[in-house]
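The values are calculated or read from the model by the stated rules, or taken from the named source; none is laboratory data. Computed from a predicted model, the values in this text were never measured in an experiment. As a convention, Cβ positions derive from the backbone with ideal geometry for all residues, glycine included, and neighbour counts pool all protein chains shown.
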Amino acid sequence: MSVEENAGKRFQGLPRNPGLRRFIEGKRQTANLLPTISRGFAFAGWHERGYLPHRDESGLTQFVTFHLADAYPAELRAEWSSLLAGEKDPDRRRWLEGCLDRGRGSCWLGDDRVARIVEQALRFHHGQRYELLAWVIMPNHVHALVRTGDVPLGRIIGNWKRFTSREASRILMDRGQGGIWAPDYWDTYMRDSQHEQRVLRYIENNPAKARLVLDPRQWAWSSARYRGEDGQLRLPNL
């Protein structure tokens with residue numbers, strides 16, 4: 001059995017969070033916060049979607065990953081969620097990252113026409129509904145670092161996915177008619193500025209780490225090419 005197959009057998013299985021709902025209830029009680037409502041949208045606050053705790057509040061900075069429908073094995077969803085939450089096992093981390101970076105599936109985002117649609121969607125409401133701090137569009141997945149405003153994260157991502165799926169399907173024709181994205185998404189909120197900077201570097205270095213380019217700034221569909229030497233992001237008008 002190969003190293004990859006061994007890793008797959010080790011890391012498959014149900015999420016290891018039997019007390020997740022109790023944890024969420026405790027967080028809600030200690031936070032002593034009512035669900036916030038802005039512009040008629042209700043934020044979920046502390047919640048869970050079956051894998052890990054999530055926190056949805058205005059003003060949080062969130063690391064978001066969503067991928068194409070055929071990009072990632074469904075049986076490993078819990079393991080990837082653990083990675084995004086800060087999994088410390090370096091072997092598991094490298095193996096799980098590689099599952100996406102190897103370019104599994106159709107890789108429709110490798111088509112510049114589709115990648116352009118996705119990037120324009122990410123940037124469209126920047127500075128209005130949210131602040132887009134970093135992003136990268138890989139051949140089969142998207143990473144983004146987003147600071148929410150008065151629109152909940154789930155609604156932001158839902159709008160991205162609906163619009164881009166519809167527009168991409170027109171380019172892909174019958175290949176994309178069923179919708180290009182896998183259900184749901186993965187998110188984790190930034191605990192502090194150091195956490196945010198680590199994630200930002202991870203996002204922008206992803207193409208180089210996957211050996212698609214030597215310099216992250218060479219990747220056409222990333223915030224890295226707009227980041228100055230001072231670390232500031234300078235975006236041209238759409």
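Working only within the stretch 189-202, note down all residues that are free of Cβ contacts under 8 Å to residues at least 60 places away in the same chain and not in a loop (DSSP other than H, G, I, E, B). Residues satisfying the conditions are Ser193, Gln194, His195, Gln197, Arg198, Arg201, Tyr202.
Conditions (1) exposed (fewer than 15 other Cβ atoms within 10 Å of the Cβ); (2) more than 20 Å from Val118 (Cβ to Cβ), marked per residue:
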position: Thr148; (1), (2): no, no
position: Ala182; (1), (2): no, no
position: Arg191; (1), (2): yes, yes
position: Ala210; (1), (2): no, no
position: Leu214; (1), (2): yes, yes
position: Ala220; (1), (2): yes, no
position: Ser223; (1), (2): no, no
position: Arg234; (1), (2): yes, yes
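Pairing each residue of the stretch 203-232 that is without any contact (Cβ under 8 Å) to a residue 24 or more places away in the chain with any residue that is of a type in the set (S, T, N, Q), provided the two are 6+ apart or on different chains, yields C-beta distances under 8 Å for Pro216/Asn205; Pro216/Asn206; Pro216/Ser222; Arg225/Gln218. Among the residues that make up the stretch 143-153, is at least one of them modelled with pLDDT of 95 or more and not in a strand (DSSP E or B)? No. Scanning the stretch 144-195 for residues that are among the hydrophobic types (A, V, I, L, M, F, W, C), over 19 Å from the mean Cα position of the chain (by Cα) and farther than 22 Å from Leu100 by Cα turns up Ile171, Met173.
The residue list Ile156, Ile137 contains one member that is under 24 Å from Gln197 (Cα atoms), out of contact with any helix residue (DSSP H, G or I) (no Cβ under 7 Å at 6 or more places or on another chain), surrounded by 19 or more Cβ atoms within 10 Å (Cβ to Cβ) and not basic (Lys, Arg), which is Ile156.
Residues in the stretch 117-144 that are more than 18 Å from Leu60 (Cβ to Cβ) and either among the small types (Gly, Ala, Ser) or without any contact (Cβ under 8 Å) to a residue 12 or more places away in the chain (or both): Ala121 alone. In the condition set (1) at pLDDT 90 or above; (2) within 18 Å of Leu200 (Cα to Cα); (3) surrounded by fewer than 20 Cβ atoms within 10 Å (Cβ to Cβ), Phe63 is compliant with all but (3).
Yes/no per residue for (1) charged (D, E, K, R); (2) closer than 26 Å to Gly45 by Cα:
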{"position": "Val151", "(1), (2)": "no, yes"}
{"position": "Gly154", "(1), (2)": "no, yes"}
{"position": "Ser169", "(1), (2)": "no, no"}
{"position": "Gln194", "(1), (2)": "no, yes"}
{"position": "Val199", "(1), (2)": "no, yes"}
{"position": "Lys209", "(1), (2)": "yes, no"}
